[in-house]
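The values are calculated or read from the model by the stated rules, or taken from the named source; none is laboratory data. Predicted model, so just to flag it, every value in this text is computed and none were measured. When we count neighbours, we look across all protein chains shown, and the Cβ atoms used for this are built from the backbone with ideal geometry, even at glycine.
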Amino acid sequence: MPEKINILFLAAEAEPFVKIGGLADVAGSLPPALRRLSSLDSREITLDVRLMLPRHRVIQGMTSDLQPVAEFSLTRDGKGTPVQVFEIKNKGMPVYFIDGEPISSAPTVYSSNQTQDREKYAFFSLAAMEFVHHSEWKPDIIHVNDWHTSLASFALRSRQNETCSPRVRTVLTVHNLPYMGGYGSEVLSSYGLSSIEDDTLPGWAKDQFLPLGLWSADSIVPVSPTYAREILSPEFGCGLESFLKTRLSSLTGILNGLDIDAWNPETDKSLAARFSSDHLDIRTTNKIALQHDLDLKEDVTIPLLVMIGRIDHQKGIDITFETLKRIADKEWQFILLGSGDTTLENATRQMQEEFPERIRAVIRYDEALGRLMYGGADIFLMPSRYEPCGLAQMIAMRYGCVPVVHATGGLRDTVRDGKTGFTFQEATATSMEEGIFRALSSHASPEIWKKLQSRGMHEDFSWQQSARKYARIYRSLRFDP
């Protein structure tokens, strides 16, 4: 008989139901990858992974096949708040949606109102734990993600497993440590939860959701091996580095994977011309289409540089602009696609005005254009000041777009310098300039460039390896003493 492990996977967002950021890609693709595993280290295994999401207002009209499976109350300030739980099957996997007033009254998935978000995600996390008490299906592992669902792990431990079997263990994946949820003592108190007394956790962190999750989780998984090391340092640890060192034996960096079916240049309908590593010459059709659509000079010999994603200080947009000014004497074109910080958005528009023949600023979310940029551009820039994992550089390589990245976090773990892309060591314009120069020099040699592209396209960024690493953690927590 195969070993069976039941896993309840909690997330704030997940493809194909709702997507705001990279968490949706992970939560949408990791659970199915885990369910596909049938063996682990010569053992037969069955992972019954079930996804649980808030029933956000934005998806309430998109899930018409929902079936009600539970209804109960969650006690807040001594009063019962109704909870409804619905289920839908997504490619054979049960997906649960939790609804209730704190969720249905919130207009967006995330907001600038941290108080509202804390109430919404505290309600979701605690309702998830109460659902386990009412469900015939019982998880062995509760897998939570970031601050939004960390309270489930904390409640499970602090309430001494009142709602679950004593054998339930928790795994917390850390996608972005600086986002901790803010001070939530009032919310904790309203749900009957108390701050902890453990002095290994800094006093300021004892009522923030993510630190409470880090304190309570049986296993902590930063989303790349390098990021797992970085958060033990003052530069990246956000004040928790000393505490995290006390959890070192429970800390395992696992690189996020990529949905290679969703991101495939051979089948991507957003491309002007689909291609493979064996037919890279076809790829220039996408470059010409991109230049044409954005009114840039149509010339396949001009190096085309791009950035795609959130316009934010963390992403190093300002470093990119300074670098482009420093290499203005070189021949290049640059496209930026994304939205975010208003000040940086305006700076992006100013750059386009300064270089009207060479720079295009597309300030919006546009998946189709983004896919064409991956499939048509030459160089993908990613000068992030920190990057826990990053998916964009993996997508770029899969589409033959050579990345130039700051060697931090998952960027260091995925881009092989001089083999599949180029890395630079400091988040500065001087360092980035050196990385771009190396890329431009290689681009000038078609033979060298095609080898870079081909090696990147053949890198294995699928979820298969990462899913096995998660499965080993689940199995260790489930069966080891």
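Only one of these is under 30 Å from residue 276 (Cβ atoms), assigned by TED's automatic domain parsing to the domain that holds residue 305, free of Cβ contacts under 8 Å to residues at least 60 places away in the same chain and in contact with a helix residue (DSSP H, G or I) (Cβ under 7 Å, 6 or more places away or on another chain): 375, 421. Name it.
Of the residues listed, the single one that is under 30 Å from residue 276 (Cβ atoms), assigned by TED's automatic domain parsing to the domain that holds residue 305, free of Cβ contacts under 8 Å to residues at least 60 places away in the same chain and in contact with a helix residue (DSSP H, G or I) (Cβ under 7 Å, 6 or more places away or on another chain) is 421.
Residues in segment 406-413: is at least one over 24 Å from residue 263 (Cβ atoms), among the polar types (S, T, N, Q) and in contact (Cβ under 8 Å) with a residue 24 or more places away in the chain?
Checked against the condition, which is being over 24 Å from residue 263 (Cβ atoms), among the polar types (S, T, N, Q) and in contact (Cβ under 8 Å) with a residue 24 or more places away in the chain, segment 406-413 yields no hits at all.
Give, as residue ranges, the strands (runs of 3 or more DSSP E) completely inside segment 369-450 that count at least 1 residues that are over 27 Å from residue 270 (Cα atoms) and in contact with a Pro (Cβ under 6 Å, 6 or more places away or on another chain). Working first, answer last.
Details: elements: 379-382, 402-406, 422-424.
Correct list: 402-406.
Among the candidates 472, 416, single out the residue that is over 19 Å from the mean Cα position of the chain (by Cα), assigned by TED's automatic domain parsing to the domain that holds residue 251 and charged (D, E, K, R). Full working, then the answer.
On the way: 416 fails: assigned by TED's automatic domain parsing to the domain that holds residue 251.
Within the list 472, 416, the selection yields 472.
For every residue, the table says whether it meets (1) of a type in the set (A, V, I, L, M, F, W, C); (2) within 30 Å of residue 396 (Cβ to Cβ).
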| site | (1), (2) |
| --- | --- |
| 196 | yes, no |
| 200 | no, no |
| 204 | yes, no |
| 213 | no, no |
| 275 | yes, yes |
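Looking at 410, 370, 418, which one is surrounded by fewer than 24 Cβ atoms within 10 Å (Cβ to Cβ), at pLDDT 95 or above and over 18 Å from residue 283 (Cβ atoms)?
Values: 410 fails: surrounded by fewer than 24 Cβ atoms within 10 Å (Cβ to Cβ); 370 fails: over 18 Å from residue 283 (Cβ atoms).
None of the others qualify; the one that does is 418.
What tally of residues in segment 270-292 results from selecting those that are loosely packed, with under 14 Cβ neighbours inside 10 Å and either touching a Cys at 6+ places or on another chain (Cβ under 8 Å) or within 29 Å of residue 352 (Cα to Cα) (or both)?
Qualifying residue count, segment 270-292: 1.
Any idea how many residues of segment 59-71 are surrounded by fewer than 16 Cβ atoms within 10 Å (Cβ to Cβ) and farther than 23 Å from residue 28 by Cα?
1
Counting only residues that are touching a Gly at 6+ places or on another chain (Cβ under 7 Å) and among the aromatic types (Phe, Trp, Tyr), which one in segment 417-447 is nearest to residue 326 (Cα to Cα)?
424
Identify, from the list 26, 109, 49, the residue that is more than 25 Å from residue 392 (Cβ to Cβ), at pLDDT 90 or above and either assigned by TED's automatic domain parsing to the domain that holds residue 223 or not charged (D, E, K, R) (or both).
Values: 26 fails: more than 25 Å from residue 392 (Cβ to Cβ); 109 fails: more than 25 Å from residue 392 (Cβ to Cβ).
After applying the criteria, what remains is 49.
Suppose we keep only residues that are among the charged types (D, E, K, R) and closer than 29 Å to residue 26 by Cα within segment 431-465. Which one would you say is surrounded by the fewest Cβ atoms within 10 Å (Cβ to Cβ)?
To start, the set of residues in segment 431-465 that are among the charged types (D, E, K, R) comprises 433-434, 438, 447, 450-451, 455, 459-460.
Subsequent filtering for residues that are closer than 29 Å to residue 26 by Cα retains 455, 459-460.
Working: 455: 16, 459: 17, 460: 9.
Among residues in segment 431-465 that are among the charged types (D, E, K, R) and closer than 29 Å to residue 26 by Cα, the one surrounded by the fewest Cβ atoms within 10 Å (Cβ to Cβ) is 460.
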